[in-house]
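Novice: Okay, handing you the structure first.
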Amino acid sequence: MATYIVLLGPPGVGKGTQAVLLAQTLQLAHVSSGDLFRENIKNQTELGKLAKSYMDKGELVPDDVTIAMIRERISRPDCQAGVILDGFPRTPKQADALDAMLAEFGGQVNVVPYITASEEVLVERTSGRWSCRAQGHVYHEKFNPPKQAGVCDVDGSELYQRDDDKKETVANRIRVYFEQTLPLVGYYRELGRLVEINGAQTMEQVTADLLASLKKLDKRPLSPS
Ligand code: AMP
């Protein structure tokens, strides 16, 4: 049966970086809603134009288009063994839609590592963040610097700072997170799927905690108790 892991946590906590590492270790597909929107913006699609108008303000893209985009993505063959979901779901409506689509695929959300950190840490992490133009690999000038400043270690492409990592927009993204996404913590906790991870640790420690949380998952019954 496919494994579905939802990485939950505020903007800047390191979900994206950890999702890439986990996907490699577990041989699962990494599906990031933010990356999918950025890809659409780069390709100048209609969805990209719509998404950009929300992303630039740090607001959420409407549920219906976001759900349709994720549904299409996780239906593809590379997701058959399972998926690490990064940035989705972000609202209760998206969480319900995810449950329904995974039930259709014969699966369910197996574990929800919830990575937390103080607002101070989040602002520091986002403001020093650099992403690669080609594939979205993420660096931090202090905590995870590239070997050569401004150049991606993996594919050699240029590194840039995301527009929505500007200070004012970050503050709004964090506010939106508390208002719209935080209810999901309670939702997954009640289902017995939530595992809290301290995101203020080093990258390596967070990865180790994440892998340990997944070992616990294997022994749990799949349906909520
Ligand atoms: P991220 O890369 O996850 O920080 O996402 C960047 C931006 O993309 C967010 O601030 C939202 O504007 C948009 N976005 C990403 N995922 C979602 C989602 N699940 N629902 C709505 N908007 C999203």
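Novice: Please give the charge dipole size of the chain, origin at the Cα centre, charges +1 on K and R Cβ atoms and -1 on D and E Cβ atoms. Round to the nearest 20 debye.
Specialist: In total the dipole reaches around 180 debye.
Novice: For each pair in K42/K147; K15/K166; K57/K166, compute the distance between the two Cα atoms and list the pairs where it is over 21 Å.
Specialist: K42/K147
Novice: Can you give the accessible area of V111 in Å² (nearest 10), computed on protein heavy atoms with a 1.4 Å probe?
Specialist: Its heavy atoms expose roughly 0 Å² to the probe.
Novice: Under 1.5 on a/c is rounded, so check that first for region 1-113, then, if it is not, pick prolate when a/b is larger than b/c and oblate when it is not; a ≥ b ≥ c are the square roots of the alpha carbon gyration tensor eigenvalues.
Specialist: prolate
Novice: How big is the chain in terms of Cα radius of gyration and Dmax, in angstroms?
Specialist: Cα radius of gyration and Dmax of the chain are 16.7, 50 Å respectively.
Novice: Next question. Restricting the count to DSSP beta bridges whose residues both fall in the chain, what percent are antiparallel, rounded to a multiple of 5?
Specialist: 30
Novice: Let me ask something additional. Take R193, R71 and sort them by solvent-accessible surface of the protein heavy atoms, 1.4 Å probe, largest at the top.
Specialist: Result of the area sort, largest leading: R71, R193.
Novice: Once you list every other residue whose beta carbon is under 12 Å from the beta carbon of F88, what net charge do they have if Lys and Arg are +1 and Asp and Glu are -1?
Specialist: +2
Novice: Determine, at each q value in 0.19, 0.32 (inverse angstroms), the log₁₀ of I(q)/I(0) that the Debye formula gives when each Cα of region 169-220 is one equal point scatterer.
Specialist: These q points yield log10 I(q)/I(0) values of -0.84, -1.05.
Novice: Grab the DSSP H runs of the chain that are 4 residues or longer, score each as -39,500 (n - 2.57), total them, divide by all residues and round the 222 nm result to the nearest 500 deg cm²/dmol.
Specialist: Helix contribution divided over all residues of the chain: -13500 deg cm²/dmol.
Novice: Here is a follow-up. I need the calculated FRET efficiency for the pair S53 and E141, taking r as the beta carbon distance and R₀ as 45 Å, to the nearest 0.05.
Specialist: 0.95
Novice: Now for a different question. Just going by the charge dipole of the chain, with Lys and Arg at +1 and Asp and Glu at -1 on Cβ, which of V123, V170, Y188 is farthest out on the positive end?
Specialist: Y188
Novice: As an exercise, identify the trypsin sites (Lys or Arg not before Pro) in region 98-157 lying in DSSP coil whose Cβ has no more than 11 other Cβ atoms within 10 Å.
Specialist: K142, K147
The values are calculated or read from the model by the stated rules, or taken from the named source; none is laboratory data. What you are looking at is a predicted structure, and each value in this text was computed from that prediction instead of being measured. Virtual Cβ from ideal backbone geometry, glycine too; neighbours counted across all protein chains shown. With ligands, DNA and RNA removed, areas are computed over all heavy atoms of the protein, side chains included. Shrake-Rupley method; radii C 1.70, N 1.55, O 1.52, S 1.80 Å.
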